[in-house]
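Report on the structure given below.
Just so it is clear, none of the values below were taken in a lab; they were calculated from the coordinates. These figures come from a predicted structure and were not determined experimentally.
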Amino acid sequence: MDHLMTHDKTTFRDLMTRVAVAQSSSLNLFANRDAELEQRAMLLKRLAFTIFSSEVDQYQKYLPDIQERLVESLRLPQVPTLHAQVFLFFRVLLLRVSPQHLTSLWPTMITELVQVFLLMEQELTADEDISRTSGPTVAGLETTYTGGNGFSTSYNSQRWLNLYLSACKLLDLALALPSESLPQFQMYRWAFIPEASDDSGLEVRRQGTHQREFKPYVVRLAKLLRKRAKKNPEEDCSGRALTWEPGHLLLTLYTIRSMEQLLPFFNVLSQVFNCKVTSRAAGHSGSPVLYPNKDIKMETQKVFWSKARQEIEEVVEKDFLEGVIKT
């Protein structure tokens with residue numbers, strides 16, 4: 001793939017053009033919308049795989065055009081299949097583009113990540129409200145909302161579950177990579193995970209008013225998922241513990257049947273960065289030490305991260321084999 005794109009200068013441009021044409025084809029009133037969106041998603045996936053197969057910064061000069069294609073895809077509402085591919089594309093860019101070139105893309109990545117987590121929280125909260133009024137929920141029951149555009153959307157369908165998993169994998173990758181590789185993300189991480197100095201939503205009194213501290217998204221979602229898991233024992237994954245290790249991904253699933261399967265992921269993230277051991281071992285930032293021994297030579301650390309990055313890329317590579325790998 002890389003050989004073809006490198007030696008035929010027009011091939012990559014042609015692929016970019018095809019993605020642009022697919023984006024603009026939304027004006028075709030006679031096209032099958034589902035088929036059209038599937039085509040867009042597949043073209044984005046091909047473009048992502050092309051960049052994944054390249055060297056670091058090989059396509060950096062095309063980044064403004066790539067960012068435009070991604071933003072255009074995200075403008076389409078209620079399209080989880082397409083948006084899931086955008087999150088896969090984000091992960092590829094984190095691995096194949098130097099951090100200084102991704103500065104303008106981080107606001108988009110953070111915004112979309114927040115939107116998906118809010119959507120998950122909305123579904124879990126709505127599910128909890130329904131159970132209060134109508135009794136226990138039925139496992140696998142889809143919660144349906146009707147938006148302002150009149151479309152009814154089931155946020156518990158397989159397409160939306162794939163989007164939730166894809167968004168969680170982006171957060172997983174951002175936390176697995178060394179902080180110096182993602183300096184921009186360090187400014188936003190407080191919104192997603194509790195730090196060592198974070199009280200995770202404890203009530204406080206300030207200037208005579210009763211207020212509540214902001215809770216990071218993983219803490220809020222872990223709490224809601226634990227409640228749902230108790231109601232659906234057959235879907236309870238709370239007993240499946242994950243172990244966080246520097247340079248390793250937590251999520252190696254390629255599909256999920258329910259949101260409860262993400263509970264171990266949110267559980268470990270809501271605890272590992274906020275424990276007292278982490279606090280004592282961390283520097284002033286409160287983040288966990290990314291390499292176990294400070295006395296290890298810099299050269300050995302480079303070997304460690306080189307191997308860790310290779311393992312991460314092997315996991316990401318398998319995400320391009322959707323439908324081939326059995327979980």
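Taking 0.36 nm per residue of sequence separation and subtracting the Cα-Cα distance, how much length would be gained by fully extending the chain between THR11 and ARG159, in nm to one decimal? List each step's numbers first, then the result.
Details: separation 148, 0.36 × 148 = 53.28 nm, distance 3.09 nm.
Length gained between THR11 and ARG159: 50.2 nm.
Report ³J(HN,Hα) in whole Hz for each residue of segment 47-53, in order, from the Karplus equation J = 6.51 cos²θ - 1.76 cosθ + 1.60 where θ = phi - 60°; Gly and Pro get x.
5, 5, 5, 4, 5, 4, 7
With θ set to phi - 60° and the Karplus curve 6.51 cos²θ - 1.76 cosθ + 1.60, what are the ³J(HN,Hα) couplings of segment 182-190 in order, to the nearest whole Hz, using x for Gly and Pro?
Karplus values, whole Hz, x for Gly and Pro: 10, x, 5, 5, 4, 6, 10, 4, 4.
What ³J(HN,Hα) values, in whole Hz, does the Karplus curve 6.51 cos²θ - 1.76 cosθ + 1.60 give for segment 243-252 when θ = phi - 60°, with x put for Gly and Pro?
For segment 243-252, the Karplus-derived couplings read 10, 7, 10, x, x, 10, 7, 7, 9, 10 Hz, x marking Gly and Pro.
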